[in-house]
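See below for the structure under consideration.
The values are calculated or read from the model by the stated rules, or taken from the named source; none is laboratory data. Everything quoted here is computed from the prediction, not taken from an experiment. Neighbour counts are summed over all protein chains in view; Cβ atoms, including those assigned to glycine, are modelled from backbone coordinates with ideal geometry.
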Amino acid sequence: MSATAPAADQPTVDTKEERLRNYLRDRVEDGEIYFKGKFISDDVDLSPKEIGALMVKLRDAPSDLEIEKWSYTSATTWRVALA
């Protein structure tokens, strides 16, 4: 009988999503924020492309965060506030 344990060091989409959600919650405690993914990518250890995809997912999911695609000038600007 063989059982394979899941690798503990493999990142999952959920982990990335949770990391971004937690980062955003911490930032909006003092009020709404506006940002471009390329400027927070180092903070959350995600590429701007990953951030964009996750922001759409977070925006469409029920949450305590209000996420809005604000504008597009060389990159998408996101507005985030507490719901």
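Some points to look at:
- Filtered residues of the stretch 27-63 (kept if acidic (D, E) and either closer than 14 Å to E17 by Cα or surrounded by 14 or more Cβ atoms within 10 Å (Cβ to Cβ) (or both)): D43, D45, E50, D60
- All positions within the stretch 57-68 that are under 13 Å from the mean Cα position of the chain (by Cα) and either within 11 Å of L24 (Cα to Cα) or not aliphatic (A, V, I, L, M) (or both): K57, L58, R59, D60, S63, L65, E66, I67, E68
- Beta carbons closer than 9 Å, at least 6 apart along the sequence or on distinct chains, pair a first residue in the stretch 9-32 that is over 14 Å from A83 (Cα atoms) with a second that is part of a loop (DSSP other than H, G, I, E, B) and at pLDDT 90 or above for K16/D45; K16/L46; E17/A61; R19/D45; R19/L46; L20/L46.
- Matching entry among W70, W78 (being of a type in the set (F, W, Y), surrounded by 12 or more Cβ atoms within 10 Å (Cβ to Cβ) and either at positive phi or modelled with pLDDT under 95 (or both)): W70
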